[in-house]
Amino acid sequence: MPSDHQVILVTGAAGQIGTDLVASLRTIHGNDRVIAGCRKTQPDASIAETGPVEYLDAIKRDQVEAVVAKYGVTTIYNLASILSGEAEQNPDLAWKINLGSHKTILDVAVAGKLSQVFWPSSIAVFGGNTPQDNTPQRTILEPESMYGVTKVAGENLSHYYFDKFNLDVRSLRYPGLITVKKFSGGGTSDYTVEMLLSALAGKPYKCFVRPDTVMPLMAMEDAVDATIAVMQAPAARISIRTSYNLAALSFTAAALEAEIKKHVPDFSCTYEPDFRQTIADSWPNSIDDSAAREDWNWRERISLDRLVADILQTGRAP
Ligand code: AKB
C-alpha cells in the first residue's frame, strides 16, 4: 500500500477522466495534496476552486520537474492523451502527446525517485486479429488505429521502466468510459456519451456507428474506483506491469438507445457510420479481466440500467 503522505500530480486533469479522478483523489488525500496539471484547457470549477492547479505541458521535462519540485510530488497520474478518433486524423500529434508525455513522466519519476506512476492504456491495444470475445489479458496486440499503436508502445515502455529501473508504474486498459459530467470528445466510444447528452437535451441523435456495434464500456465512477484501487494495491499484488484488462459492461448502440427510450420514449436516434466504425469494429466485444479481479479484487458496481437512469434522472453520471 502506498504511503499516506503522497503528493499527487494529475496531468490531463481537465479531461474526461481527470475531472472525476482529481475530485476522488482530493477526497482521499486532501485537496492540497492533489495538483491538477492542465495544458491549456481550464479545469471545471469543481477542480479549480478546490485545490492547486498548474499549467504545464506533460511532454516538457523541465515543466513537469518544476511542478514536482514545487510541491514535493511523489506520485503522477499521467492522463494527457489524444483519443482514437482524433489520433486517426492527427497521428503525429497522437504519437507526440501519448508517448512523449509518457516517456517524459517516466524519466522524471526515475530521476526524482517518485514512488508511483499511473498511465492509461485502452482496449484499443487489440485489433481484428485478437479474439473478440472475452479477450484474454495476454493475446495478440496488433492494433489497427494510431491510438492503439501508441497504447501498445506505451504499455511496453511501462514494463521496460519497471524492469530496468524498478519504477512502480501501473496501468489499466480502459474500455469506453461513460460520463456526462465532462465531455472532451475525440474518442470512438464517444457515441455513447453523445447519445446520452442528446437525450438529456431533448434532441435527436445521429450515431456515427452501426446499431449492432458492441464494445466494452464502463461508467466513469467505476473507472475512477478501479484506477484508485490498482494504485492502492500492495506492489506484491501487481502481476501485470504492461496494463491490466478491465471490464464492466458490453452492449450495442441499439441497446443503449432502447435503454434511453425507457426514460425518454420520444428520443430519436439514426445511424450514419463514419471512419470511427472501422476503429470500433477492430475492438473486442468483451474482455476477460480476471487478472484484475484476482490481483486487486476489481469489481464493477454500475449496470447499464443504473447508469442510464442516473444520468437521465439527475443530468449527470452516477
Ligand atoms: C476512445 O474511444 O478513444 C477511448 C478509448 C476506448 O480508449 N474512449
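The values are calculated or read from the model by the stated rules, or taken from the named source; none is laboratory data. If you're wondering where the values come from, they're calculated on a predicted model, not measured in any experiment. Every residue, glycine as well, gets a Cβ built from its backbone with ideal geometry; the counts of neighbours run over all protein chains shown. Surface accessibility is based on the protein's heavy atoms, side chains included, excluding ligands, DNA and RNA. Shrake-Rupley method; radii C 1.70, N 1.55, O 1.52, S 1.80 Å.
If I filter the range 108-120 for residues that are closer than 20 Å to G15 by Cα and within 13 Å of the ligand (Cβ to nearest atom), do I get at least one hit?
Yes, some residue in the range 108-120 is closer than 20 Å to G15 by Cα and within 13 Å of the ligand (Cβ to nearest atom).
Matching residues to (1) among the charged types (D, E, K, R); (2) closer than 19 Å to D310 by Cα; (3) assigned to a strand (DSSP E or B):
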{"site": "M215", "(1), (2), (3)": "no, no, yes"}
{"site": "D222", "(1), (2), (3)": "yes, yes, no"}
{"site": "M231", "(1), (2), (3)": "no, no, no"}
{"site": "I240", "(1), (2), (3)": "no, no, no"}
{"site": "F251", "(1), (2), (3)": "no, yes, yes"}
{"site": "L256", "(1), (2), (3)": "no, yes, no"}
{"site": "F267", "(1), (2), (3)": "no, yes, no"}
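Between L106, L83, L93, which is open to solvent by less than 20 Å² (accessible area, probe 1.4 Å) and either on the phi > 0 side of the Ramachandran plot or at pLDDT 95 or above (or both)?
L106
Among the residues of the range 50-104, count how many are within 19 Å of the chain's Cα centre (by Cα), within 16 Å of the ligand (Cβ to nearest atom) and in a loop (DSSP other than H, G, I, E, B).
5
From the residues in the range 163-193 that are within 16 Å of the ligand (Cβ to nearest atom) and open to solvent by 50 Å² or more (accessible area, probe 1.4 Å), which one is farthest from R276 (Cα to Cα)?
Applying the filter and picking the extreme gives K181.
For the range 55-68, give me each residue that is surrounded by fewer than 18 Cβ atoms within 10 Å (Cβ to Cβ) and either in contact (Cβ under 8 Å) with a residue 24 or more places away in the chain or at positive phi (or both).
K60, R61, E65
Do you know which of the residues in the range 250-283 that are touching a helix residue (DSSP H, G or I) at 6+ places or on another chain (Cβ under 6 Å) and more than 16 Å from the ligand (Cβ to nearest atom) is most open to solvent (accessible area, probe 1.4 Å)?
Applying the filter and picking the extreme gives H263.
In the range 5-48, how many are part of a loop (DSSP other than H, G, I, E, B) and in contact with a helix residue (DSSP H, G or I) (Cβ under 8 Å, 6 or more places away or on another chain)?
Of the residues in that region, 8 qualify.
Looking at (1) closer than 18 Å to V117 by Cα; (2) of a type outside the set (S, T, N, Q); (3) open to solvent by less than 30 Å² (accessible area, probe 1.4 Å), which is the only condition A14 fails?
Answer for A14: the failing condition is (1).
Do we have E155 as closer than 19 Å to T213 by Cβ and within 14 Å of the ligand (Cβ to nearest atom) here?
No, not satisfied.
Name the one entry in V230, V224 that is within 15 Å of the ligand (Cβ to nearest atom) and surrounded by 20 or more Cβ atoms within 10 Å (Cβ to Cβ).
Of the residues listed, the single one that is within 15 Å of the ligand (Cβ to nearest atom) and surrounded by 20 or more Cβ atoms within 10 Å (Cβ to Cβ) is V224.
Look at T130 and say whether it is within 11 Å of the ligand (Cβ to nearest atom) and out of contact with any strand residue (DSSP E or B) (no Cβ under 9 Å at 6 or more places or on another chain).
no
Taking into account only those residues within the range 169-198 that are touching a Pro at 6+ places or on another chain (Cβ under 8 Å) and of a type outside the set (S, T, Y), which is farthest from K261 (Cα to Cα)?
Among residues in the range 169-198 that are touching a Pro at 6+ places or on another chain (Cβ under 8 Å) and of a type outside the set (S, T, Y), the one farthest from K261 (Cα to Cα) is L172.
Only one of (1) on the phi > 0 side of the Ramachandran plot; (2) open to solvent by less than 20 Å² (accessible area, probe 1.4 Å) is not met by G37, so which one is it?
Checking G37 against (1) on the phi > 0 side of the Ramachandran plot; (2) open to solvent by less than 20 Å² (accessible area, probe 1.4 Å), the one that fails is (1).
Does A247 qualify as being part of a helix (DSSP H, G or I) and either buried (at least 20 other Cβ atoms within 10 Å of the Cβ) or modelled with pLDDT of 95 or more (or both)?
no
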